[in-house]
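Notes follow the structure.
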Amino acid sequence: MSQTLYFSVLLIALCSLSECIQRRYHHINMMKHGTAAMLHCTKNYRDLATVNNMNDMNQLMKSVNNSLTSLVWIGLSRLSGYKWKWSLGDPVKYTNWFNGDSNGSGQCAYMRDGSWYHQDCNMNKRFICYNDNLILIKMNLSWSEALRYCRENHVDLVSVDSEEIQFMVTKVIHQSSTDAVWMGLHYYCQMNLWIWIRGEVVCYQNWAPGNETKLMNCNTEHRAGAVQSRGDNRWISLPPSHKLNFICIKKE
């Protein structure tokens, strides 16, 4: 196997393992119909639970203590026909319908025994809210200073390793006082590639044109990754000495 092919296979394997918990679920032990549950979540948290992958599903189950008897509303509702959407408009990329059945007359989704079902929204059930585990820090720091601040006061600089995390980031950066905000991405010269500060390779990418460039001289040139806080929120490459706002992953 050539070195290039070996690295490609390794990259795919590493990408498949790259998961980060940046969403927090809260099991609300109150009985409410679907609309009232959503209003409670948007007032006190972010919204009813959104589930984008198996990692989210595992966290969702933990929020109900892995109980197989809990019936809880999640934030999935029917638009028209058989098309479903999450409360905040996130794309539906992962589902866990019982027997794969998303059809029927129910307009709101709930979870039972770890599987999803649908029912009329006027039924009373307990429910699950969520918060994004991201926080915008409106301090102007260099990339290494921002990294140190996040690790000392929260968890880490954010790793935008999926479309879902990118969507979450766009929700918090609109209040930034700088044109871009630091994320946990830097150029690793020894491997000649961009890498997240937790060590994962960059699988999902959202670069602005011309920014994902390899450095010509790593001895004199360094780069870190930032997200534009204006426009379409694409990624840009900047010298790490620039002073920017930044996004941390909050402590649980």
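The values are calculated or read from the model by the stated rules, or taken from the named source; none is laboratory data. The structure presented is a predicted model; accordingly, all values stated were derived computationally and were not measured. Here the Cβ positions follow ideal geometry from the backbone for every residue, glycine too, while neighbour counts run over all protein chains shown.
Can you report the number of residues in the range 72-102 which are out of contact with any Cys (no Cβ under 9 Å at 6 or more places or on another chain) and surrounded by 17 or more Cβ atoms within 10 Å (Cβ to Cβ)?
Counting residues in the range 72-102 that are out of contact with any Cys (no Cβ under 9 Å at 6 or more places or on another chain) and surrounded by 17 or more Cβ atoms within 10 Å (Cβ to Cβ) gives 5.
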- Note on the structure: Within the range 167-188, of all residues that are crowded, with 19+ Cβ neighbours inside 10 Å and over 24 Å from THR213 (Cα atoms), the one modelled with the lowest pLDDT is MET168
- Query: Which of (1) buried (at least 18 other Cβ atoms within 10 Å of the Cβ); (2) assigned to a loop (DSSP other than H, G, I, E, B) is the odd one out, the single condition PHE127 does not satisfy?
  - Reply: (2)
- Task: Could you tell me which residue of the range 158-173 is farthest from THR50 (Cα to Cα), considering only residues that are of a type in the set (Ser, Thr, Tyr) and more than 8 Å from the chain's Cα centre (by Cα)?
- Result: SER159
- Among strands (runs of 3 or more DSSP E) lying entirely in the range 160-252, which contain 1 or more residues that are among the aromatic types (Phe, Trp, Tyr)? 180-188, 193-196, 235-238, 244-249
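Quick check on the range 105-114. Is at least one of its residues out of contact with any Cys (no Cβ under 7 Å at 6 or more places or on another chain) and loosely packed, with under 14 Cβ neighbours inside 10 Å? Don't jump to the end; show me each part of the working.
Step one: list which residues in the range 105-114 are out of contact with any Cys (no Cβ under 7 Å at 6 or more places or on another chain), which gives 105-106, 109-114.
Now drop any that are not loosely packed, with under 14 Cβ neighbours inside 10 Å, which leaves 105, 113.
Taking every residue of the range 105-114 in turn, at least one turns out to be out of contact with any Cys (no Cβ under 7 Å at 6 or more places or on another chain) and loosely packed, with under 14 Cβ neighbours inside 10 Å.
Would you please name the residue that is surrounded by the fewest Cβ atoms within 10 Å (Cβ to Cβ), looking only at residues in the range 136-166 that are β-branched (Val, Ile, Thr) and in contact with a helix residue (DSSP H, G or I) (Cβ under 7 Å, 6 or more places away or on another chain)?
For the range 136-166, the residue satisfying everything is ILE137.
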- Query: Which members of the range 208-232 meet the condition of being touching a strand residue (DSSP E or B) at 6+ places or on another chain (Cβ under 6 Å) and within 11 Å of THR170 (Cβ to Cβ)?
  - Reply: VAL227, GLN228, SER229
